Amino acid sequence: MQFYLIFNRLLSFIKRQKWKNYRWVIIPIFVIILFFEGLNLFFPLPKARLFPPVSTLIYARDGEPLRAYTADDDIWRIHCKIDEISPLHQKLVLAYEDRWFYWHYGINPISIIRAAITNFKAGQILVGGSTLTMQIARMIEPKERNFASKIKEAIRALQLEWSFSKKELLEIYFNLAPYGGNIEGVGSAALLYFGKPPAKLSIGEIALLTALPNSPTQLRPDLNSQLALQGRNKVLNRLLKTANISNHQYRDAVSESVPSVRREVPFFAPHFCDYLKQRYPRTYEFQSTIDLKIQNTCQNLLVQHLGGLRGRGISNGAIVVIDNHSMEVLAMVGSANFFDKTNSGQVNGTIAPRSPGSALKPFVYALAMDQGLIAPKSILEDVPVDYSGYSPENFDAIYHGVVTVERALAQSLNIPAVNLTAQLDDKGIYSLLKATGFTTIHRTQEEYGLPIILGSGEVKLLELTTLYAALANQGQYRPYHLLKDEATAIPKQIISAPVSYIITEILTQLERPELPAYWEFSLNQPKVAWKTGTSYGHRDAWSIGYRPEMTIGVWLGNFSGKGAPELVGAEVATPLLFNLFNALHNSQTNGWFQMPDGIDIRRVCALSGMPATENCPETQEEYFIPGVSPIQPCNIHKKIKIDNVTGQTLCVHCQQNRKYHEEIVTQWPPRLATWMERNGYPIQKIPPHFSKCTSVIQGAPPIIHSPSLDCDYIIREGVDKKYQKILLDAAVSNEVNQIYWFMDGKLLYTCRPEEKVFYSPERGDHRLVCMDDLGRSSEMILRIR
């Protein structure tokens, strides 16, 4: 088919020229074409050998080599395009090897005859007379050097010339030429002998690499530097005699030394390079995003920091640095020492799945703010809770009762975060992680449950740092980039810009209880928004921080999974985080995030955090988002009417014809009121309702804590029932003085709110009712099997 097309095109060309007797021209051409096409058909050219597997080379963002890998066959074979080899280099090689390269068609009869005469006179083979094209043929099909091999090389040379242009053949030669040992191609030789690309080679270096392919084993400079020197000078002498170089160039080249050892292959950012190579297995040259200066700074600071921690059971760490504007990964340090076998140094800690502890909490607060559930000064409950048997505790096992959103996030309290996660339900942290491509979140939301906010779902440092960068980018999420030429993804708005700013301001608070006592901050340090995390069992310590220009993620721990008491994010990871910001921060970029549109300031009750009313004795300012933040006025400070005779409270139904006065009281929500009373906090007791009034007072009914909803209780056989009693516990407001427990319509107990009572279980489904002394009630079905 190829022959037919070529022939038809040639015939059309000749006819257009209006040549007479063109048949006499066509016939020889036809024979030549037929010969080559037949040759390729019955003696096919092994083209695959012309383009063998090549080495992988990874460059930093400025073009400096980071790391090189041998090809799949363990050969150093760095591919170079002909334009990457200097014209002088091409000229000198052709002048020495094949000065008629552009004039012959693969075979130079004059050279062959001259070589035959020389070899006949010497009685042995001294020269081959091979063209550059014949040398390529010998490289792809090595054979013994004899007459039959020469014939085959000549045939292959004709096929090569028929199949490729001269420029392509010259490029093939430069990439296949052997340079000693497992080095093939001028790109590999230039790097391993001189530590530079071919375009930057001097004339002396070019001469050495010109000589080497003729005898790559004997002339290897790292094994036989003296022979290599002689071979190089032989090339220079011939180039001088043929006027390809000047006397001045010759003297400079001869004075150059010959390398006596191979250069070390670049070995920077090994974890990053391995990750890149695994991610793009069919790419062999990468222009990465790594900033070598930042990479080395991070590596050195990690090694230095771990020096004081190894004796405390902490052996390794990982660091990620991301440019917030471009989302380019500027540094990826996978471990302290790639070659540390004892501590699994070749594990890449930036992509290893680990439990994040509390590091995800800022995002559950952000989602809750965006959904209008909370504002910065809103109060949250930090009291014992039970979610069908799951009862989270704080890191220090201490409950704080009433906390603001700001304090709960700054102190990284567990219970408020779990409560918010429960309120968000299917619009919470699980959906966010799935939407932002966390590759470790592969189970269902139900399988992770509420503990996901405390670290039940493993994450990767690289992906977590990318998520934090979204906070720095006004809530817009974009994937990280590893390559300079990667396409920029369309930003995904995962958190609103106003909420991102508010969360950032909370995370910027410097005086926080999780900050280690020995860590001294100064005014000269860069302002940073940051958050820590500590996994269950003290196996992982995290600290993630960001400024407008960059986001940094730090993980410390042991790749074996072994825990250590010292593995606390704030105590071991945060100092390293701030060391990194101090080292990488550019004082000329000292700006901070600008407040976006959509944020306003309002006054809220200093106690409840809700929009203040005339009943609130103290107020404070708060950032809020109009149309989004909760607007319910303060309902903790209430004005009540108290009967002057009985001292009891009066409602609208019983205040008629009675003398009373008004007082402002503090009425806490049920859970908080009961917890505060049980734990000895001073709490105002609201007078009981007027005893002769028959109306049911509006307000929150009792909240049943125990028994748990949606749980079956099982009576164990052989165990005395007195050891299987079920706790009856409820939370009520501080206006309640008595609560009543009913089982199947019968009164079981009458007790004060702070008292706990127990029920001896009986099998069956029972209707349990809890009523307060104001007539409000809650009920549940208690199932006992």
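Overview of results
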| read-out | value |
| --- | --- |
| Every residue from region 459-490 that is at pLDDT below 95 and open to solvent by 40 Å² or more (accessible area, probe 1.4 Å) | Lys484, Asp485, Glu486, Ala487, Thr488, Ile490 |
| Unmet criterion (only one of (1) open to solvent by 60 Å² or more (accessible area, probe 1.4 Å); (2) at pLDDT 95 or above; (3) on the phi < 0 side of the Ramachandran plot) for Asp426 | (2) |
| Every pair of residues 6+ apart whose Cβ atoms lie under 8 Å, when the first sits in region 369-383 and is in contact (Cβ under 8 Å) with a residue 24 or more places away in the chain and closer than 12 Å to Pro498 by Cα while the second is open to solvent by less than 20 Å² (accessible area, probe 1.4 Å) and hydroxyl-bearing (Ser, Thr, Tyr) | Met369/Ser629; Ala375/Ser629 |
| Residue within region 280-300 that is out of contact with any His (no Cβ under 9 Å at 6 or more places or on another chain), over 21 Å from Ala336 (Cα atoms), among the aliphatic types (A, V, I, L, M) and open to solvent by 10 Å² or more (accessible area, probe 1.4 Å) present | no |
| Subset of region 647-684 [open to solvent by 70 Å² or more (accessible area, probe 1.4 Å) and touching a Lys or Arg at 6+ places or on another chain (Cβ under 8 Å)] | Tyr660, His661, Glu662, Glu663, Ile664 |
| Unmet criterion (only one of (1) in a helix (DSSP H, G or I); (2) touching a Phe, Trp or Tyr at 6+ places or on another chain (Cβ under 6 Å)) for Thr551 | (1) |
| Unique match (being assigned to a loop (DSSP other than H, G, I, E, B) and within 34 Å of the chain's Cα centre (by Cα)) among Asn615, Asn582, Asn590 | Asn590 |
| Number of positions in region 304-314 that are under 28 Å from Pro451 (Cβ atoms) and open to solvent by 20 Å² or more (accessible area, probe 1.4 Å) | 2 |
| Odd one out for Tyr740 among (1) touching a Ser or Thr at 6+ places or on another chain (Cβ under 8 Å); (2) assigned to a loop (DSSP other than H, G, I, E, B) | (2) |
| Residues (open to solvent by less than 50 Å² (accessible area, probe 1.4 Å), part of a helix (DSSP H, G or I) and out of contact with any Gly (no Cβ under 6 Å at 6 or more places or on another chain)) located in region 129-159 | Leu132, Met134, Gln135, Ile136, Ala137, Ile140, Ser149, Glu153, Ala154, Arg156, Gln159 |
| Sole residue being outside any strand (DSSP E or B), touching a Leu at 6+ places or on another chain (Cβ under 8 Å) and modelled with pLDDT under 60, chosen from Phe7, Phe13, Phe30, Phe36 | Phe36 |
| Of the criteria (1) exposed (fewer than 12 other Cβ atoms within 10 Å of the Cβ); (2) within 21 Å of Gly775 (Cα to Cα); (3) in contact (Cβ under 8 Å) with a residue 40 or more places away in the chain, which one Leu747 fails | (3) |
| Condition met for Ser733 (surrounded by fewer than 16 Cβ atoms within 10 Å (Cβ to Cβ) and in contact with a helix residue (DSSP H, G or I) (Cβ under 6 Å, 6 or more places away or on another chain)) | no |
| Candidates Leu462, Leu409, filtered to the one that is in contact (Cβ under 8 Å) with a residue 60 or more places away in the chain and closer than 18 Å to Lys492 by Cβ | Leu462 |
| Test: residue in region 372-386 that is under 24 Å from the mean Cα position of the chain (by Cα), surrounded by fewer than 19 Cβ atoms within 10 Å (Cβ to Cβ) and assigned to a loop (DSSP other than H, G, I, E, B) | no |
| Every residue from region 629-646 that is open to solvent by 30 Å² or more (accessible area, probe 1.4 Å) and either among the acidic types (Asp, Glu) or out of contact with any Asp or Glu (no Cβ under 7 Å at 6 or more places or on another chain) (or both) | Pro630, Ile631, Gln632, Pro633, Asn635, Lys638, Asn644, Val645, Thr646 |
| Residue under evaluation Gly180, criteria (1) in a helix (DSSP H, G or I); (2) in contact (Cβ under 8 Å) with a residue 24 or more places away in the chain, criterion not met | (1) |
| Tally, over region 199-216, of residues that are buried (at least 19 other Cβ atoms within 10 Å of the Cβ) and more than 16 Å from Pro259 (Cα to Cα) | 1 |
| Residue match in region 264-272 (condition: under 30 Å from Phe593 (Cα atoms), in a loop (DSSP other than H, G, I, E, B) and not charged (D, E, K, R)) | no |
| The one condition in (1) open to solvent by 40 Å² or more (accessible area, probe 1.4 Å); (2) closer than 28 Å to Thr532 by Cβ; (3) assigned to a loop (DSSP other than H, G, I, E, B) that Gly609 fails to fulfil | (1) |
| Enumeration of residues in region 324-342 that are open to solvent by 10 Å² or more (accessible area, probe 1.4 Å), in contact (Cβ under 8 Å) with a residue 40 or more places away in the chain and touching a helix residue (DSSP H, G or I) at 6+ places or on another chain (Cβ under 9 Å) | Leu330, Phe338 |
| Count of region 699-732 residues which are in contact (Cβ under 8 Å) with a residue 40 or more places away in the chain and more than 30 Å from His637 (Cβ to Cβ) | 13 |
| Residue in region 86-100 that is modelled with pLDDT of 70 or more, part of a helix (DSSP H, G or I) and of a type in the set (Ser, Thr, Tyr) present | yes |
| Answer residue from region 744-767, given it is assigned to a strand (DSSP E or B) and out of contact with any Phe, Trp or Tyr (no Cβ under 7 Å at 6 or more places or on another chain) and is farthest from Ile697 (Cα to Cα) among those | Gly764 |
| Counted residues, region 643-689 - those being at pLDDT below 90, of a type in the set (Ser, Thr, Tyr) and part of a loop (DSSP other than H, G, I, E, B) | 1 |
| Counted residues, region 185-212 - those being outside any helix (DSSP H, G or I), touching a Phe, Trp or Tyr at 6+ places or on another chain (Cβ under 7 Å) and either at positive phi or among the charged types (D, E, K, R) (or both) | 1 |
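For (1) in contact with a Phe, Trp or Tyr (Cβ under 9 Å, 6 or more places away or on another chain); (2) over 30 Å from Asp765 (Cα atoms); (3) among the aromatic types (Phe, Trp, Tyr), each residue gets a yes or a no:
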| site | (1), (2), (3) |
| --- | --- |
| Tyr660 | no, yes, yes |
| Thr666 | no, yes, no |
| Met676 | yes, yes, no |
| Pro682 | no, yes, no |
| Thr694 | no, yes, no |
| Pro707 | yes, no, no |
| Val719 | no, no, no |
| Leu728 | yes, no, no |
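The values are calculated or read from the model by the stated rules, or taken from the named source; none is laboratory data. Worth saying up front: this structure is predicted, and the values here are computed from it rather than measured. Please note: Cβ atoms are built from the backbone with ideal geometry, for glycine as well, and neighbour counts cover all protein chains shown. When the accessible area is computed, the model is the full protein with side chains, heavy atoms only, and any ligands, DNA or RNA have been set aside. Shrake-Rupley method; radii C 1.70, N 1.55, O 1.52, S 1.80 Å.
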